[in-house]
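Enquirer: There's a structure below that I have some questions on.
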Amino acid sequence: MSFKVYKESTECMARTGELITAHGSIKTPVFMPVGTRATVKTMTSEEVEALGTEIILGNTYHLFLRPGHELIKEAGGLHKFMNWSGPILTDSGGFQVFSLADMRKITEEGVEFRSHIDGSKEFLSPQKSMEIQMALGSDIMMCFDECAPYPSSREYIEKSVTLTNKWARICRETVPLDYKNQVFGIVQGGFYKDLREKSAEEITEIGFDGYAIGGLSVGEPLPLMIEALEYTSPLLPGDKPRYLMGIGTPDYIFEAVQRGIDMFDCVLPTRVARNGTAMTSFGRLVVRNAKYKKDFIPLDPECDCEVCKNYSRAYIRHLFNVDEILGPRLLTIHNLHFMLRLVEKIREAIEVESFLDFKREFYKKAGIEI
């Protein structure tokens, strides 16, 4: 397993590269569709692969609760269980414990919580998280961290950083050094520059295969996220992949890539698709709206996905109005194609030193303020 940087922009920190894993290589920057419960919602693994997806994301918390990591291990691992042959990254479950679980009780040993499904009492520790991820057989395993809410006091963030860094050492020690798959550390620190520096110094000292910037995209305004990226990204080793967790809109991706981020994921493209929203070159299009009743052009005339080649806005609006499952499926296919093609164009722009020009052109067309 290795990471190679191919091109570094002279305009900013944007770069292209390739991440080699046990189940194949990934061109970076890369957007990872989310398959939280061992499925990218409404789609088969074959359809996801046909879109050009190189890596997907699964989630430790959800798969631990249902169907259970022991069952998935018995099935031959997550790849075989869901019929996916490419790389898989699994989140540690730390964010879901923070965002979904009830009655969360944090100790130095881990987090006790009640399942959001049935209220059963559960416990996740750094050791347990890594054991679950190894049972799943994921190619990239994330350290178990303490994700602080936004906003949080400095005192809370200080404790969060201390705990996250302690758990990172335990995670690293839990996974054998000769284990074939990769482990990524997570930098926390909220929106305090010195705490980000402290976290990054300690996490990189432990030594991981890649590094994630956690605690962003948790409700803060975009300028604050950009500011945090500006001082955090340069703290991470240049010869390792950098991962910003939980972003999936074009503007966030452009801003992240500009500041040296290589990997990102988000449920948003598939979630808004199920609600009737298409992501297009001209901004979001809510196909349920009445004005599209007799609109017989594609969702995005500039898109070359199979949906835009074959179906009109009027038809897809009809599917949503009569509650046909094909509606969400078609929008999911389109939105994922749109996002995957966007990062492909970003990679191409970086290679020819036109990333910032491409960003300006995209923002202007989509109506995004710089």
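Enquirer: Give me D for the range 116-275 in µm² s⁻¹, whole number, from Stokes-Einstein with Rh from the Kirkwood sum over alpha-carbon pairs, 37 °C and 0.692 mPa s.
Expert: Working: Rh = 16.4 Å.
Rounded, D is 200 µm²/s.
Enquirer: For the range 239-339, state the average projected area of the convex hull of the C-alpha atoms over all orientations, rounded to one decimal in nm². Each step should come with its number before you reach the end.
Expert: Values: hull surface 27.2 nm².
The number I arrive at for the range 239-339 is 6.8 nm².
Enquirer: Determine the gain in length on full extension of the stretch residue 353-residue 322; use 0.36 nm per residue of separation and subtract their C-alpha separation, reporting nm with one decimal. Kindly include the intermediate steps, with their values, before the conclusion.
Expert: Working: separation 31, 0.36 × 31 = 11.16 nm, distance 4.72 nm.
Stretched fully, the residue 353-residue 322 segment lengthens by 6.4 nm.
Enquirer: As a test of the formula, what do you get for the chain when each DSSP H run with n ≥ 4 contributes -39,500 (n - 2.57) and the sum is divided by the residue count, at 222 nm and rounded to the nearest 500 deg cm²/dmol?
Expert: Working: 15 runs with 154 residues, N = 370.
That calculation yields -12500 deg cm²/dmol at 222 nm.
Enquirer: Do the alpha carbons of any pairs in 7/359; 240/359; 73/128; 41/128 sit beyond 23 Å of each other, and which pairs?
Expert: Details: 7/359 17 Å; 240/359 25 Å; 73/128 15 Å; 41/128 27 Å.
Violating the 23 Å Cα-Cα cut-off are 240/359; 41/128.
Enquirer: Hey, how many Å between the Cα centroid of the range 1-47 and the Cα centroid of the range 157-231?
Expert: After rounding, the separation between the Cα centres reads 20 Å.
Enquirer: Another question, if that's okay. Could you tell me what percent of the DSSP beta bridges with both partners in the chain are antiparallel, to the nearest 5? Walk me through the numbers before you get to the answer.
Expert: On the way: 22 of 44 bridges.
Taking every DSSP beta bridge with both residues in the chain, the antiparallel ones total about 50 percent.
Enquirer: In addition: Counting pairwise Cα distances across the range 290-334, what percent come out greater than 17 angstrom?
Expert: Working: 239 of 990 pairs.
More than 17 Å apart: 24 percent of the Cα pairs in the range 290-334.
Enquirer: What Kirkwood hydrodynamic radius do you get for the range 1-64 when you take the inverse of the mean 1/r over all pairs of distinct Cα atoms, in Å?
Expert: Details: mean 1/r = 0.0741 Å⁻¹.
Value: 13.5 Å, from the Cα pair sum.
Enquirer: Something else now. In the chain, what cysteines have no partner Cβ closer than 4.7 Å?
Expert: Result for the chain is 12, 147, 266, 305, no neighbouring Cys Cβ within the cutoff.
Enquirer: How would you rank 141-151, 81-91, 358-368, highest first, on the average number of other Cβ atoms within 10 Å across their residues?
Expert: Values: 141-151: 24.0, 81-91: 21.7, 358-368: 14.7.
By packing density, highest mean first, the sequence is 141-151, 81-91, 358-368.
Enquirer: Would you compute, for the Cα atoms of the chain, the largest minus smallest coordinate along each principal axis and list the three values in descending order, in whole Å?
Expert: 59, 49, 39 Å, listed from the longest principal axis down.
Enquirer: Okay, next question. With a cut-off of at most 16 other beta carbons within 10 Å, and DSSP calling the residue loop, which trypsin sites (Lys or Arg not before Pro) in the range 135-201 qualify? Please list them.
Expert: Passing both the DSSP loop test and the Cβ count: 180.
Enquirer: Right, here's the next one. Percent of accessible area on the range 1-51 owned by carbon and sulfur, 1.4 Å probe? Intermediate results must be reported in sequence, preceding the final value.
Expert: On the way: 1110 of 2270 Å².
Carbon and sulfur together cover 49 percent of it.
Enquirer: Quick one: if the Förster radius is 25 Å, what FRET efficiency do residue 106 and residue 231 give, using the C-beta to C-beta distance and rounding to 0.05? Walk me through the numbers before you get to the answer.
Expert: Details: r = 27 Å, r/R0 = 1.07.
Plugging the Cβ-Cβ distance into 1/(1 + (r/R0)^6) gives 0.40.
Enquirer: How much length is gained if the chain between residue 173 and residue 363 is pulled fully straight, taking 0.36 nm per residue apart and subtracting their Cα-Cα distance, in nm to one decimal?
Expert: Values: separation 190, 0.36 × 190 = 68.40 nm, distance 4.45 nm.
Here the segment from residue 173 to residue 363 would lengthen by 64.0 nm.
Enquirer: Could you check the simple spin-label distance between residue 159 and residue 114, using points 7 Å along Cα→Cβ, in nm with one decimal?
Expert: With each label placed 7 Å out from Cα toward Cβ, I get 2.1 nm.
Enquirer: Let me ask something else about it. Could you check which residue among 242, 37, 284 shows the biggest mean-square fluctuation in a GNM of the chain with a 10 Å Cα cutoff?
Expert: In the Gaussian network model the winner is 284.
Enquirer: Same structure again: Would you please put 271-279, 207-215 in order of how densely packed they are, using the mean number of other Cβ atoms within 10 angstrom per residue and starting with the highest?
Expert: Averaged packing, sorted descending, gives the order 207-215, 271-279.
Enquirer: Continuing with this model, one more query. For the range 195-265, what Kirkwood radius comes out of the mean inverse Cα-Cα distance, in Å? Kindly include the intermediate steps, with their values, before the conclusion.
Expert: On the way: mean 1/r = 0.0816 Å⁻¹.
Radius from the Kirkwood sum: 12.2 Å.
Enquirer: Counting only heavy atoms of protein chains, what accessible area per residue, in Å², does the chain have with a probe of 1.4 Å?
Expert: Numbers: 15700 Å² over 370 residues.
Dividing the accessible area of the chain by its residue count gives 42 Å².
Enquirer: Applying a 10 Å radius around every beta-carbon, put 185-191, 38-44 in order of their mean neighbour count, most first. Write down the numbers at each step before the final one.
Expert: Numbers: 185-191: 26.9, 38-44: 19.0.
By packing density, highest mean first, the sequence is 185-191, 38-44.
Enquirer: Need the full-extension length gain, residue 302 to residue 6, defined as separation in residues times 0.36 nm minus the C-alpha distance. One decimal, nm.
Expert: Numbers: separation 296, 0.36 × 296 = 106.56 nm, distance 2.89 nm.
Length gained, residue 302 through residue 6: 103.7 nm.
Enquirer: Between residue 239 and residue 18, what is the spin-label point distance in nm, taking each point 7 Å from the Cα along the Cα→C-beta axis?
Expert: It works out to 1.8 nm between the two label points.
Enquirer: Roughly how many Å is it from the Cα centre of the range 294-316 to that of the range 66-127, as a whole number?
Expert: Between the Cα centres of the range 294-316 and the range 66-127 lies a distance of 38 Å.
Enquirer: While we're on this one: Take the chain, connect every pair of alpha-carbon atoms lying under 10 Å apart with a spring to form a Gaussian network, then pick out the residue of 107, 162, 232 with the largest mean-square fluctuation.
Expert: The residue that fluctuates most here is 107.
The values are calculated or read from the model by the stated rules, or taken from the named source; none is laboratory data. Remember, predicted model here, so these are calculated numbers, not experimental data. Neighbour counts are summed over all protein chains in view; Cβ atoms, including those assigned to glycine, are modelled from backbone coordinates with ideal geometry. Each accessible area value is taken on the protein alone, full model and side chains, heavy atoms only, with ligands, DNA and RNA left out. Shrake-Rupley method; radii C 1.70, N 1.55, O 1.52, S 1.80 Å.
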